[in-house]
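Participant: First, the structure itself, so that you have it in front of you.
Every number in this text was worked out from the coordinates using simple rules, so none of it is lab data. Treat the numbers as computed from the prediction; the structure is a model and nothing was measured. Backbone-built Cβ (ideal geometry, glycine too); neighbour counts: all protein chains shown.
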Amino acid sequence: MLEQENKKTNATTANLATISNALATGGMTLIGVFGTVEEKHALLRAAGGKIHRVSVGDTVSQNTVVAIAEDAVILAGMTGQRKLSMPAPMRQPKAAA
């Protein structure tokens, strides 16, 4: 059995990977959009933390995905439609000197 080398995480990487409150946790959050113009998909993070890969027509948390744009997803549910937008970019913390 090979032993793995004990590697330390780069300080910048560690800081970026551990930003507190980077995403809202109270509801559905749009994580990203990908695919072709004809076949777009989105990654949505549910309130409990589960990640869903969705396409137009899919249902997630009692909402139907009705549209996927480059930076947003439109969901339709019992209370009407709502738009999920990509989170605003976070400022990167300065690396330790």
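Participant: Can you put Arg53, Arg45 in order, fewest other beta carbons within 10 Å first?
Facilitator: Going from sparsest to densest Cβ surroundings: Arg53, Arg45.
Participant: Let me check I've understood the local charge: for Gly27, count other residues with C-beta under 12 angstrom from its C-beta, Lys and Arg +1, Asp and Glu -1. What total comes out?
Facilitator: +2
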